[in-house]
1. Out of the residues in the stretch 561-576 that are open to solvent by 70 Å² or more (accessible area, probe 1.4 Å) and part of a strand (DSSP E or B), state the one that is farthest from ligand 1 (Cβ to nearest atom).
2. Being in contact with a Gly (Cβ under 8 Å, 6 or more places away or on another chain), aliphatic (A, V, I, L, M) and either outside any loop (DSSP other than H, G, I, E, B) or over 23 Å from residue 703 (Cα atoms) (or both), is that true of even one residue in the stretch 655-665?
3. Find the residue count for the stretch 537-560, including only residues that are within 28 Å of the chain's Cα centre (by Cα) and part of a loop (DSSP other than H, G, I, E, B).
4. Do we have residue 40 as modelled with pLDDT under 90 and out of contact with any strand residue (DSSP E or B) (no Cβ under 9 Å at 6 or more places or on another chain) here?
5. I'd like to check something: does the stretch 65-73 contain any residue that is of a type in the set (Asp, Glu), under 30 Å from residue 814 (Cα atoms) and touching a residue at least 24 places away in the same chain (Cβ under 8 Å)?
6. Within the stretch 486-496, is even one residue of a type in the set (S, T, N, Q) and open to solvent by less than 40 Å² (accessible area, probe 1.4 Å)?
7. Considering every residue within the stretch 408-419, establish whether at least one is assigned to a helix (DSSP H, G or I), surrounded by fewer than 18 Cβ atoms within 10 Å (Cβ to Cβ) and under 26 Å from the mean Cα position of the chain (by Cα).
8. Among the residues of the stretch 472-484, is any touching a residue at least 12 places away in the same chain (Cβ under 8 Å) and within 16 Å of ligand 1 (Cβ to nearest atom)?
Amino acid sequence: MQYFVNVILPIPLEKLFTYSISEQEAQFLKQGMRIAVPFGKTKIYTALVYEIHNTPPTVYEAKEIHQIIDEEPIVNAVQLQLWLWIAEYYMCTIGEVFRGAVPGAFLLESETLILKNEDTTVDDVNLKDDEFLVFEALQHQSILRVQEISAILDKKNTLPVLNRLLKKNIISLKEEVYERYKPKMERYVQLGKAYQSEEELKNLLDTLNRAPKQRKVILSLFQLQAVTKESVKVSVLIKESESSSAVIKTLIDKNVLEEKHVRTDRVIYNCDKENIAVKPLNTYQEEAFKAIKENFKENKTTLLHGVTSSGKTEVYVKLIADVIKTGKQALYLLPEIALTTQLIVRLQDYFGEQVAVYHSKYSIQERVEVWNNVLSNKLKAQIVIGARSSLFLPFSNLGLIIVDEEHESSFKQYDPAPRYHARDAAIVLANLHKSNILLGSATPSVESFYNVKIGKYGYASIKRRYGNVLMPTIELVDIKEQHRKKRMQGHFSERLLEEIREALSIGEQVILFQNRRGYAPIVECTTCGHVTQCPNCDVSLTYHEHRKKLRCHYCSYQMAIQQSCLACGNATLDTKGFGTEQIEKELNELFPDNNIGRMDLDTTRGKYGYEKLINAFEKQELDILVGTQMLTKGLDFRNVSLVGVMNADTLLNFPDFRAHEKTFQLLTQVAGRAGRTNKRGKVLIQSFNPYHQILKQVSTGDFATMFKEQIYDREQYKYPPANRIVKITFKHKDYNKINEASFWFAKSLKNVFGENVLGPEQPPVARVRNQYIRNIIVKIPKQQHLLKTKNSIKRIEKSFNTISHYKGVRVIYNVDYI
Ligand code: ADP
Ligand code: ZN
């Protein structure tokens, strides 16, 4: 009898690949274990066992596997079901899901030379084009060989680029074939067996009278053991006895001390404190809690719609406390890593070391540790907080998922595949585990609220802020009128200035929101009209005054600001539009006696940049904080009484069918930062178009009308939630080729789906890093079969791929999102 194994390779293959194995291997291997396999002419990959069988492949001869890596599965059956769903729903391969789902350390490959340095946070704005290409390729493949990099960059000599990347700590080189995850070991010592009795001990101390250093070590060891009653860490012992490793070594050599190595976990908790009791809920929270529990009885996905600062988090805490009592695991998903920092502290107060954290800023080793703790259902990983990738952890017994700020678009992954939405995938995961799931938000997404309306989701709400603090008043300020009457000072209306002065005069703080960084997005010549553009992207360069530079926000490009126009030579350059930098500058002129801070991508780059600003503002070292949407999310400042929105119009004009919904959410969330304590807060929104219905709805907190109008539009134009969409993106560096290719594709689609195909269209920025971009949108009306539609699209892609002229054109799918 012959034996075969079908494996998932971590590369975009349509099918599972088959290898031949021996009978013993067949008996040993289980689904979810890793094995090393040869692939292609020279490559070796880490593959995941899917199934074992006796049928040889028909079109190729099965090769033998190289080696078995695991003794036990590292991935369970439920996870594989989730992967299959993601691959099918988001139109990618299971290999891509495998690569995206497990820590990079699980995927090591052979003959590898270059890999991404996971410990470095890379800001791709600082990368040159060729550096970016290598960096990007390493997102898709954890390891690259030098030859492959030559092919990617289309040049022979790649060493200069690699040297630069090495210097920047972005890549590392490696020669060894296999590196397994090595747990960190700590050295411990205890007294040797021969010295356990009191008499022997006395003798020992007597003999050591002539070796005072060694004697001191033994005495310190006693003291330390009196506390721990166990062996003592060598590092601690050295410190306590003020000795050295040489002295310890002598004692070990003499068998006075015995050493042992103990595995320690890298993720350290600071949990000496007692856990505090869960807070009693107020009546509104209690009602919501009961409604949630009712829905959970039927295992219904439930939406908690609670205004900002209503105490949703305390409700989550109570639900978590209940579920872990039953021995089940809980997962708390957050859209942003920055938010996890605040929440960890809050949850650890209640649950101590049962809380684990998992996200991409963690090192490879830390991620492997959390993975293993969840896999073996350890106590210290009963509650996992994390960004979207924590969905892929090997839960065996999940009882509750919380998706906080469920409306946030950062739950959607855009690059690389799998391009999944973590909220939606979490709902599937919950179903697979028969676990409960709660979505929470002050501004629910149209999708989720729609699902409540049609009875698919349960609903609970909290309409009041905790402690009965009033919702802030929201005032719309017409800046068109102000401009006409020449009443504006810079970008500030009279009303806004008046309110800022008032707040500052009584020692209160102010937040100002402008959703654009830099000084100005456009530098234009007033003589000839020339606008300075990025040479690599179809977008104007943004002026950053602080560095006196023009920068592209899409690629690495930057140049010094010039004195005169590059086209006509006249020194008549002017800026158009404004960003946070300009507001900061105007504030410094308008309020010279106050401290102004700015929070955007440029001021929060360093590892602690974000925390530093938040701390300074919390301690009231800053009076006014200007920022981009970073400011809007979940932050809780106690002394902010005024929030100003500098310009609401750019948000509304964004080319996305969700632009109005997103504006409503963003503005409501920003407004929620005002007046979180006793005094009622105030929000001023400046706009050229204050009569816009969305701004009205924000100002009156009218979620219901916003929802009704948005749903009407979406139904009308066949957009989600009732309908589905697939966006197909094409990328290539040849302008003509991308046009022809996307037209061909669109035509084939139109043959099948007719007018439900839009495009090909140029996105607002139609070329990025010298790659031209085209989009096609396929609308899928609700009565049309979703899977069949996706399959026909895939079939068209297959024919497309056989056309040699279109070779090299990348085809990217985004499902539900544009
Ligand atoms: P949300 O998550 O809805 O924005 P939070 O959970 O952050 O609101 O609650 C807002 C504030 O009210 C927090 O400072 C929180 O500690 C406090 N709070 C909420 N519920 C309670 C409660 N039941 N008992 C005591 N304090 C509470
Ligand atoms: Zn650019």
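The values are calculated or read from the model by the stated rules, or taken from the named source; none is laboratory data. The structure displayed is predicted, hence computed values, not measured ones. Neighbour counts run over all protein chains shown; Cβ positions are idealised from the backbone, glycine included. For the accessible areas, the whole protein counts, side chains as well, though only heavy atoms, and no ligand, DNA or RNA atoms are used. Shrake-Rupley method; radii C 1.70, N 1.55, O 1.52, S 1.80 Å.
1. Here is the first cut: in the stretch 561-576, the ones open to solvent by 70 Å² or more (accessible area, probe 1.4 Å) are 563, 566, 571, 574, 576.
Going one step further and asking which of them are part of a strand (DSSP E or B), we end up with 574, 576.
Working: 574: 43, 576: 37 Å.
Within the stretch 561-576, the match that is farthest from ligand 1 (Cβ to nearest atom) is 574.
2. Taking the stretch 655-665 as the starting set, the residues that turn out to be in contact with a Gly (Cβ under 8 Å, 6 or more places away or on another chain) are none.
No, because not a single residue in the stretch 655-665 is in contact with a Gly (Cβ under 8 Å, 6 or more places away or on another chain), aliphatic (A, V, I, L, M) and either outside any loop (DSSP other than H, G, I, E, B) or over 23 Å from residue 703 (Cα atoms) (or both).
3. 10
4. Numbers: modelled with pLDDT under 90: yes; out of contact with any strand residue (DSSP E or B) (no Cβ under 9 Å at 6 or more places or on another chain): yes.
Answer is yes for this residue.
5. So the first thing to find is which residues in the stretch 65-73 are of a type in the set (Asp, Glu), and the list is 70-72.
Then keep just the ones that are under 30 Å from residue 814 (Cα atoms); that gives none.
No, the conditions are met nowhere in the stretch 65-73.
6. The initial filter retains those residues of the stretch 486-496 that are of a type in the set (S, T, N, Q), namely 489, 493.
So of that shortlist, the ones also open to solvent by less than 40 Å² (accessible area, probe 1.4 Å) come out as 493.
Yes, the conditions are met somewhere in the stretch 486-496.
7. The first filter runs over the stretch 408-419 and keeps only residues assigned to a helix (DSSP H, G or I), leaving 409-411.
Among the residues that remain, those that are also surrounded by fewer than 18 Cβ atoms within 10 Å (Cβ to Cβ) are: 409-410.
Right, trim to under 26 Å from the mean Cα position of the chain (by Cα) and you get 409-410.
Yes, the stretch 408-419 has at least one match.
8. Looking for residues that are touching a residue at least 12 places away in the same chain (Cβ under 8 Å) and within 16 Å of ligand 1 (Cβ to nearest atom), one finds at least one in the stretch 472-484, hence yes.
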